[in-house]
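J.: Dropping the structure in here first, questions after.
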Amino acid sequence: MADEGVTIVEAPPPKPPPAPTRTIQVSSMPQSVESTEPKKGSAMDRMRERMQTRLNKQGQQSPVTQTPEPTGEVTPTPSTSGAEPSGAEPPATSSAPSPKPAETTPPKKMTLGQALDKYKTRNKELEAELAEWKTKAGNVDAKGLTEERDRLQSRNKELEEEIRYVNYQKSEEFTSKYQIPYRKAWDRAMEDLKEVRIQLQDGQEREVTGNDILELCNMPLSKAREVARAVFGDFADDVMQHRKEIKRLFDEQSQALTEARTNGEAREKQRNEQFQKLTGEIDGYIKTNWEKANAEAHGDAKYGAFFKPIEGDAEGNQRLAKGFELVDRAFAENPKDPRLNAEQRLAIIKRHAAVRNRAAGFGRLAWQNEKLKAELAAANKKLGEYEGTIPAAGGGNGAPASTNGGSLSAWDRVRSGMNKYAH
């Protein structure tokens, strides 16, 4: 820019800041804080005057759309094209529509104190959440989890010990100790011999396969060495070395299975013997105490008479025998036996139900029987007192004579007296 012979080189304008979310337009620039006007005549003063004039002109033609909050300074909307601003309103820098003035509240700047308070509040919230999580973690039954872990480990050890004898080949020990090394030996052999070629009779060549090594493993040592020299030539020693390792691991694997099978049979035999011994001891204990418990029941002073035959009561003794037969049969039967059909299983269930109900009702029947005995004894006592009041037909003491010369029973005397009065 040149004016009155003075040349001023203007620095390139700074990069405009990001476009604001809304455009603020002012009608005029605020008055300068300084009361002293700049000196006239310098190029910088004249440039400020021209900028002031342009901004005033722009503010006069642009209506005020929104009154900003007093912040101490007003920043005009920069021109993005680099040309001098005209009196027209600058285009919007964003395609989004501007919000309505009445509904928009400009964001308030947060002071350092406000930011610190917000940080303290959020910090307290996070501390509360952390304390809550610590409380939840503290409520976990660590002792119970540890005990459950130990129980599962112990059970797993028992099962591993059991499978060693039942099917050792499926155990983890057999896999890690024998199977994995055996497979790795085969992998090493095939990796080392993958570039070796076997010459065929027709002049062609082929790669070494696992069957070639397997055939050598199944041959005696002398025969295997002879075949290896004839087929593999310079690589015969390498092949024989792999054969030796594979055969050794296979023999160890077979020996382990044989020992496990032998030990398993011995262990199974020992377990069967222990089981039979224990079963015999239990059977003897049950038999001895069963007979003892029944003898005590029959000899009971209060209820023993219900379980023993009574001389002269043929029908009652027969019913008692059938009752014992029913109970003994029910005790010997198991409705869960898978060999039973539906009809047989139902019959057993019914017998078990009959035994249950009879056993449950015995206490009440015994109580009722004792009650009836007491009532009968009281009735007989009153009847005996009544017999003394009956007058005799011949003026005696009221005791009628029997037809066979003996004394009559109490009931016969009652009937005789009643018949007398009836006639």
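The values are calculated or read from the model by the stated rules, or taken from the named source; none is laboratory data. Here the structure is a predicted model, which is why all the values come from computation and not from measurement. Don't worry about glycine lacking a Cβ; one is built from the backbone with ideal geometry, like all the others, and counts go over all protein chains shown.
J.: Between residues in region 258-276 that are part of a helix (DSSP H, G or I) and residues that are polar (S, T, N, Q), which pairs lie under 9 Å by C-beta distance while being six or more apart or on different chains?
T.: 260/167; 260/169; 260/171; 264/167
J.: Starting from region 227-240, keep only residues that are under 14 Å from residue 208 (Cα atoms) and in the same structural domain as residue 188 (by TED's automatic domain parsing), then list their pairs with residues that are of a type in the set (Gly, Ala, Ser) and loosely packed, with under 15 Cβ neighbours inside 10 Å whose Cβ atoms are within a distance under 9 Å, requiring at least 6 positions of separation or different chains.
T.: 236/230
J.: Given the options 302, 292, 308, name the one that is assigned to a helix (DSSP H, G or I) and either under 25 Å from residue 370 (Cβ atoms) or not assigned by TED's automatic domain parsing to the domain that holds residue 370 (or both).
T.: Answer to the check: 292.
J.: Follow-up question, since we're still on this one. Could you grab me the full set of residues in region 201-226 that are surrounded by 11 or more Cβ atoms within 10 Å (Cβ to Cβ) and either in contact (Cβ under 8 Å) with a residue 60 or more places away in the chain or basic (Lys, Arg) (or both)?
T.: 223, 225
J.: I need the full set of residues from region 169-192 which are farther than 22 Å from residue 264 by Cβ and either loosely packed, with under 11 Cβ neighbours inside 10 Å or free of Cβ contacts under 8 Å to residues at least 60 places away in the same chain (or both), in order please.
T.: Hits for region 169-192 are 180, 183, 184, 187, 188, 189, 190, 191, 192.
J.: If a residue has to be more than 19 Å from residue 247 (Cβ to Cβ) and assigned to a helix (DSSP H, G or I) to count, how many in region 190-236 make the cut?
T.: Result for region 190-236: 3.
J.: Suppose the filter is modelled with pLDDT under 85 and assigned to a helix (DSSP H, G or I); does residue 155 pass it?
T.: yes
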